[in-house]
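The values are calculated or read from the model by the stated rules, or taken from the named source; none is laboratory data. This structure is a prediction, so every number in the text was calculated from the model and none was measured. Neighbour counts are summed over all protein chains in view; Cβ atoms, including those assigned to glycine, are modelled from backbone coordinates with ideal geometry. Keep in mind that these areas ignore ligands, DNA and RNA; they rest on the heavy atoms of the full protein, side chains included. Shrake-Rupley method; radii C 1.70, N 1.55, O 1.52, S 1.80 Å.
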Amino acid sequence: MSQQDRNITFAYWVPNVSGGLVVSNIEQRTDWSYDYNVRLAQTAEQNGFDYALTQIRFTAGYNAENQHESVSFSHGILAKTERLKVIAAILPGPWKPALAAKQLATIDHLTNGRIAINVVSGWFRGEFDAIGEEWPEHDQRYARSEEFICSLKGVWTQDNYSFDGKYYQFKDYTLSPKPLQKPHIEIFQGGSSRAARDMASRVSDWYFTNGNTPEELKKQIEDIREKAKANDHQVKIGVNAFIIARDTEKEAQAVLQEIIDKANTEAVHAFGDATREAGAATAEGEGNWAKSTFADLVQYNDGFRTNLIGTPLQIAERIVELKNVGVDLILSGFLHFIEEVEYFGEKVLPLVRELEAQQQRVPAKSA
Ligand SMILES: Cc1cc2nc3c(=O)[nH]c(=O)nc-3n(C[C@H](O)[C@H](O)[C@H](O)COP(=O)(O)O)c2cc1C
């Protein structure tokens, strides 16, 4: 099935970290508690969302004072939902692949095959220092993540698995039981630097990137897909977007302006300083946040840049435009999560599906 024939997939950020997804003092009717998150997950799965993504943070010097752990929180959400898949963030360093493989295989059995993972390579040095973890330089962090992913896949799919890497080793190891999902639990990754793209083109099932314009995303996607093809590998693309859907464009733009006007300036700067250890620190100077402005940084992953801000129709049209440049999944954030996920499901999603159906009918007519 071609990408055009597949409907675009929707995911949302689990607010398992306090302060929501914008570094702003604007009122947010979003909460990081378990109860709120269970209600949100149930609302999301009834409103067309297929995935939820938890975040991993051990500490934060820039808002986000409280952070629930990603794997246990993902399991907690899975226990109270029926269909949703939850993607748990995993950070090589604190996590070792042997434990991760076993822990996730068990969760896969407990949840009827609904866990997935997002391998994040680390950008926040202060956090690593605080918990006594070594801080390899940028591209070495990706080299380690790639070994991490290869060993997870090996352990999940093979008996008597051996691996002799720089960071990880396995010797004749057989994990039992293996995960329910075949060939293995889905593996996402986050990051947009040269090293991140190259890793995606070799080993990951999904590549997550920060918010961006369709033109910029198109360049990234073509680059990754071309390399993936040369490696005989397939990778799907997810992009972050902070969605502000309102009945009128004026209302939506006013909300965006208020979020930025009420930004927690000190926290935004602290966050911006921390992000310099990401792609900006590489020789190419490419990657997440490498070109972010102050306003971009008010949303943690440049989600305003994707411009899903406006009326339901404007947003639906832009989502289809993103699909047309090769995006497979929209990873969404909202100001007031539960109520806006409902609004999205009622007002935006049906328009997206209608536009997709129209597009899919076109080649049939001309054939
Ligand atoms: C969708 C998405 C989710 C991410 N989630 C986390 C996370 O939970 N914890 C974390 O430490 N980093 C997270 N990251 C950060 C990335 O793993 C990576 O360290 C960062 O984007 C810098 O990558 P780059 O230098 O390759 O651009 C996430 C990134 C993206 C795009």
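Scanning region 251-284 for residues that are aliphatic (A, V, I, L, M), in contact (Cβ under 8 Å) with a residue 24 or more places away in the chain, outside any helix (DSSP H, G or I) and farther than 22 Å from Asn307 by Cα returns a single hit, Ala278.
Here is a check on your reading of the model: is Phe148 open to solvent by less than 10 Å² (accessible area, probe 1.4 Å), aromatic (Phe, Trp, Tyr) and within 16 Å of the ligand (Cβ to nearest atom)? Yes: the conditions hold for Phe148.
The combined condition, being more than 30 Å from Leu351 (Cα to Cα), touching a helix residue (DSSP H, G or I) at 6+ places or on another chain (Cβ under 6 Å) and within 16 Å of the ligand (Cβ to nearest atom), is fulfilled by Gly287. Each residue in region 60-74 was checked for being over 18 Å from the mean Cα position of the chain (by Cα) and among the hydroxyl-bearing types (Ser, Thr, Tyr), and 1 of them qualify.
Yes/no per residue for (1) of a type in the set (Gly, Ala, Ser); (2) out of contact with any strand residue (DSSP E or B) (no Cβ under 9 Å at 6 or more places or on another chain):
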| residue | (1), (2) |
| --- | --- |
| Ser2 | yes, yes |
| Ala11 | yes, no |
| Pro15 | no, no |
| Gly19 | yes, yes |
| Trp32 | no, no |
| Leu40 | no, no |
| Ala52 | yes, no |
| Gln67 | no, no |
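The number of residues in region 31-62 that are of a type in the set (A, V, I, L, M), under 16 Å from Ser332 (Cβ atoms) and within 16 Å of the ligand (Cβ to nearest atom) comes to 2.
Exactly one residue among Ala241, Ala263 is more than 16 Å from the ligand (Cβ to nearest atom) and either aliphatic (A, V, I, L, M) or touching a His at 6+ places or on another chain (Cβ under 6 Å) (or both), and that residue is Ala263. Within region 317-332, being more than 18 Å from Asn301 (Cβ to Cβ) and either at pLDDT below 95 or among the hydroxyl-bearing types (Ser, Thr, Tyr) (or both) holds for no residue.
Residues in region 32-64 that are in a loop (DSSP other than H, G, I, E, B) and of a type in the set (A, V, I, L, M): Ile56, Ala60, Ala64. If you scan region 1-31, which residues turn out to be without any contact (Cβ under 8 Å) to a residue 60 or more places away in the chain and within 13 Å of Gly76 (Cα to Cα)? The one that is without any contact (Cβ under 8 Å) to a residue 60 or more places away in the chain and within 13 Å of Gly76 (Cα to Cα): Asn16.
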